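The values are calculated or read from the model by the stated rules, or taken from the named source; none is laboratory data. Bear in mind that the values here come from a model prediction, so they are computed numbers and not experimental data. Please note: Cβ atoms are built from the backbone with ideal geometry, for glycine as well, and neighbour counts cover all protein chains shown. For accessibility, only protein heavy atoms count, side chains too; no ligands or nucleic acids. Shrake-Rupley method; radii C 1.70, N 1.55, O 1.52, S 1.80 Å.
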Amino acid sequence: MKLKGQTIVLTGSSSGIGAEAAVLMARRGARLCLVARREEQLREVQQRVEEEGAYCAIYPCDLSSSEAIEACADQILREQQDIHALVNNAAHSIRRPIEQSLDRLHDFQRTVQLNYIGAVAMTLKLLPRFLEQGHGHVVNISSLSTQIPIPLFSAYLASKSALESFTRSLQAEMGHQGITTTVVYFPMVRTPMSSRTAIYKYMPMMHVQKAAGWIVEACEKRPSRIARPMGKLGSVLLAAAPGPITNLPQPLFRGMDKLLASRLKKKG
Ligand SMILES: NC(=O)c1ccc[n+]([C@@H]2O[C@H](COP(=O)([O-])OP(=O)(O)OC[C@H]3O[C@@H](n4cnc5c(N)ncnc54)[C@H](OP(=O)(O)O)[C@@H]3O)[C@@H](O)[C@H]2O)c1
């Protein structure tokens, strides 16, 4: 599906992968509706999109508030005619051991509220328009780490797994009504999100431009999944042997963290 003239609602587009995806889609002639909290950053991305000659509207919104989502989606629906795709990309990540989260239930609540409930709420608001049109594509952003379980991201990965499950239900129930879905399983990508963890400074990561290209591909080709071969294999192995696939790699992950920490200490 060519993106020229297609209206894409893209959340989390004030920075990182979302901002770059907006510019790439603008180059292909898409019309962009950008959603995130920080208006100034959204304006900067809007300017980059408009420099590509594309239409761009911004909708500052805190997607962890159901009321704010309601108001934002109503405004988008009022201002836009056909809406071709919704990309639920906004998210918050927390890296913390479960053992240090015993009195931090709010970590789980906050993460689920934005990464899962926020995405579902936006989807539910746009679905009636998609049904009216007879088409609509929903792209939900997840992580390689739900395919190969890594430690220390319990709140984040649970929220992403919930979103994957919702996506499958959406596809199963509404596919015959013209609703299509893609789940994108990103590996580590160099963005403000991953840069918040100091020891990741020297970790090899996907370039943000390449990750943005995956979002473009999700909107253009509409596959049910975009993932690395390693992630696809991980999903199969995890389904077949959850115990060993969860337990066996853990010493490797602990070793990798130690190596990254010592590299950071040496190089600064
Ligand atoms: N980077 C990675 O290594 C990696 C790996 C796997 C998956 N992912 C996924 O890729 C997606 C993009 O992540 P990124 O790395 O590009 O992160 P990022 O640079 O931190 O961008 C996150 C985006 O989400 C928005 N956001 C955060 N809280 C929000 C809220 N309450 N309401 C509205 N918008 C909010 C931020 O905008 P405001 O602050 O302006 O609101 C920002 O635009 C996420 O779904 C993430 O989980 C990333």
Checklist entry - Under a Cβ-Cβ cut-off of 13 Å, what is the net charge of the residues other than Arg129 that fall near it, where Lys and Arg count +1 and Asp and Glu count -1? => result -2
Next on the checklist: Need the full-extension length gain, Met230 to Phe253, defined as separation in residues times 0.36 nm minus the C-alpha distance. One decimal, nm.
Outcome noted: 6.7 nm
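Over segment 1-51, what is the relative contact order in whole percent, taking alpha-carbon pairs under 8 Å and six or more residues apart?
Reported relative contact order: 41 percent.
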Checklist entry - Which of the cysteines in the chain are isolated, no other cysteine C-beta under 4.7 Å? => result Cys33, Cys56, Cys219
Next on the checklist: Quick check: net charge around Arg190, other residues with Cβ under 15 Å of its Cβ, Lys/Arg +1 and Asp/Glu -1?
Outcome noted: +2
Item to check | Mean projected area (nm²) of the alpha-carbon convex hull when the chain is viewed from all directions | outcome: 14.8 nm²
Item to check | Whole-number percent relative contact order across segment 41-117, with pairs defined as alpha carbons under 8 Å at least 6 apart | outcome: 25 percent
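Add -39500 (n - 2.57) for each DSSP H run of 4 or more in the chain, then divide by its residues: what number comes out at 222 nm, to the nearest 500 deg cm²/dmol?
The helix contribution divided over the chain gives -16000 deg cm²/dmol.
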Checklist entry - Counting alpha carbon pairs within less than 8 Å and at least 6 residues apart, what relative contact order, in whole percent, applies to the chain? => result 18 percent
Checklist outcome for this item: Rounded to the nearest 5, the percent of DSSP beta bridges in the chain running antiparallel is 0 percent
Checklist entry - So which trypsin sites (Lys or Arg not before Pro) in segment 167-268 are both in a DSSP loop and have at most 16 other Cβ atoms within 10 Å of their Cβ? => result Arg196
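Across the chain, how many lysine pairs separated by 8 or more positions, or lying on different chains, have Cα atoms within less than 14 Å?
Count of close lysine pairs: 7.
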Next on the checklist: Only four residue types carry charge here, +1 at the Cβ of Lys and Arg and -1 at the Cβ of Asp and Glu. Report the dipole size of segment 7-267 about the Cα centre in Debye, rounded to the nearest 20.
Outcome noted: 1380 debye
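Please quote Rg/Rh for segment 6-113 to two decimal places, taking the Kirkwood radius as Rh and restricting both calculations to Cα atoms.
Using Cα coordinates only, the ratio equals 1.06.
Of all accessible surface on segment 19-164 at a 1.4 Å probe, what whole percent is carbon and sulfur?
Using a 1.4 Å probe with all protein chains present, segment 19-164 comes out at 48 percent carbon and sulfur.
Per residue, how much accessible surface does the chain expose to a 1.4 Å probe? Answer in Å², no decimals.
For the chain, the solvent-accessible area averages 49 Å² per residue.
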Checklist entry - If we count every other residue with Cβ under 14 angstrom of Lys258's Cβ, Lys/Arg +1 and Asp/Glu -1, where does the sum land? => result +3
